[in-house]
1. Can you work out ³J(HN,Hα) from phi for every residue in segment 131-144, in order, using Karplus 6.51 cos²θ - 1.76 cosθ + 1.60 and θ = phi - 60°, giving whole Hz and x for Gly and Pro?
2. Could you list 123, 46 in order of exposure, starting from the residue whose Cβ has the fewest other Cβ atoms within 10 Å?
3. Got a sec? Charge dipole of the chain, +1 on Cβ for Lys and Arg, -1 for Asp and Glu; which of 21, 300, 256 is way out at the positive end?
4. Counting other C-beta atoms within 10 Å, which of 275, 138 has the fewest, and how do the rest follow?
5. Determine the dipole magnitude for segment 228-311: charges of +1 sit on the beta-carbon of Lys and Arg, -1 on that of Asp and Glu, nothing else is charged, the reference point is the Cα centre, and the result goes in debye to the nearest 20.
6. Roughly how big is the chain's charge dipole about its Cα centre, with Cβ charges of +1 (Lys, Arg) and -1 (Asp, Glu), in debye to the nearest 20?
7. Once you place label points 7 Å from the Cα toward the Cβ at residue 153 and residue 91, how far apart are they in nm?
8. Among 36, 57, 168, which one shows the highest mean-square fluctuation when the chain is modelled as a Gaussian network with alpha-carbon springs under 10 Å?
Amino acid sequence: MILTVTPNVALDITYRVDRLTPGSSHRVRRVEERAGGKGVNVARALHALGHDTIVFGFVGGAAAGAVMADLARGGLAHELVAVQGPTRRSIAVVDASNGEATLFNEAGPPVPATSWNDLEARLAARLPEAAALVVSGSLPPGARDDACARLVRLAAAHRVTVLVDTVGEALLQAAAAGADIVKPNSSELLQTTDCSDVASAATALRRRGAKAVVVSLGAAGMTAFTPEGSWRAAPPTRIVGNPTGSGDAAAAALVAGAVAGAPWPDRLRDAVALSAAAVLQATAGSVDLRDYLRLVPQILVEERHDPGLDR
């Protein structure tokens, strides 16, 4: 079983329009609502890959029922902690003329310390039966910077592999706590570390304590810096579509590969293939395994040789 924590659960709302034109009125052709947030998207992808999952996080307000109902429809078990503020909404406007999505993300409700303690207690009860933990997404307003690091240490106490996908001080502290994998995108990584290039920034996180750093490069694929070496993987051609949730699909593939004990080049190949498959889906958090299986053999993986890079 793989557990996922979404500190800032969302109700994802997708509007579909014929063509998005800033400053003008639009007729919405279709509206979709589903449970979202990065950890929820990771859980959906893991479920598609055949893994049992439990979703942890915080929900509140009128949207809480919609979130839990959607998780149930998707076959995703959950242990969500109720908070007083309303669950945030994430709005995606999809332009039918080119398939691109424009995103609007709310901040989310504050989560009191007592609710964090409740989540940690629930997680601790499940970790003995877990193979891995994924902590993914932004922290809600007012959260302590060490919130993710506390979960990393909790997983480590149970010898459970943990992947963290977050930004800023929370990412730095998760690395220092010894996360097995941290997975920022390139802009988040450079901004967090104040480094000028991806290799130096990854080295900085590994020196802090992260065992492996995997960096999303958008349409250019991903690169991994690990104790076994460094690799870059990319699709053969640019994949056009909705990138929302593609990084979460990659995280799912990476943690699934870690659980299976797969070599790092294979993990990275699977991560890029599943990420690309997610881009081809109109709705965030969805993957079609037929696309994934078609793309896997097409992914190009090459070893990197960065002078001075820690291994």
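Where a number appears in this text, it was derived from the coordinates with a stated rule and is not lab data. Model, not experiment: these values are computed from the prediction. Here the Cβ is made from the backbone with ideal geometry for all residues, glycine too, and neighbour counts use every protein chain on show.
1. Running phi through 6.51 cos²θ - 1.76 cosθ + 1.60 with θ = phi - 60° gives 9, 7, 10, 10, 10, 9, x, 6, 8, x, x, x, 5, 6 Hz.
2. Working: 123 23, 46 27.
Listing 123, 46 from fewest to most nearby Cβ atoms yields 123, 46.
3. 21
4. Numbers: 275 32, 138 21.
Ordered by Cβ neighbours within 10 Å, fewest first: 138, 275.
5. Result for segment 228-311 is approximately 180 debye, rounded to the nearest 20.
6. 260 debye
7. Here the modelled spin labels are 4.0 nm apart.
8. 168
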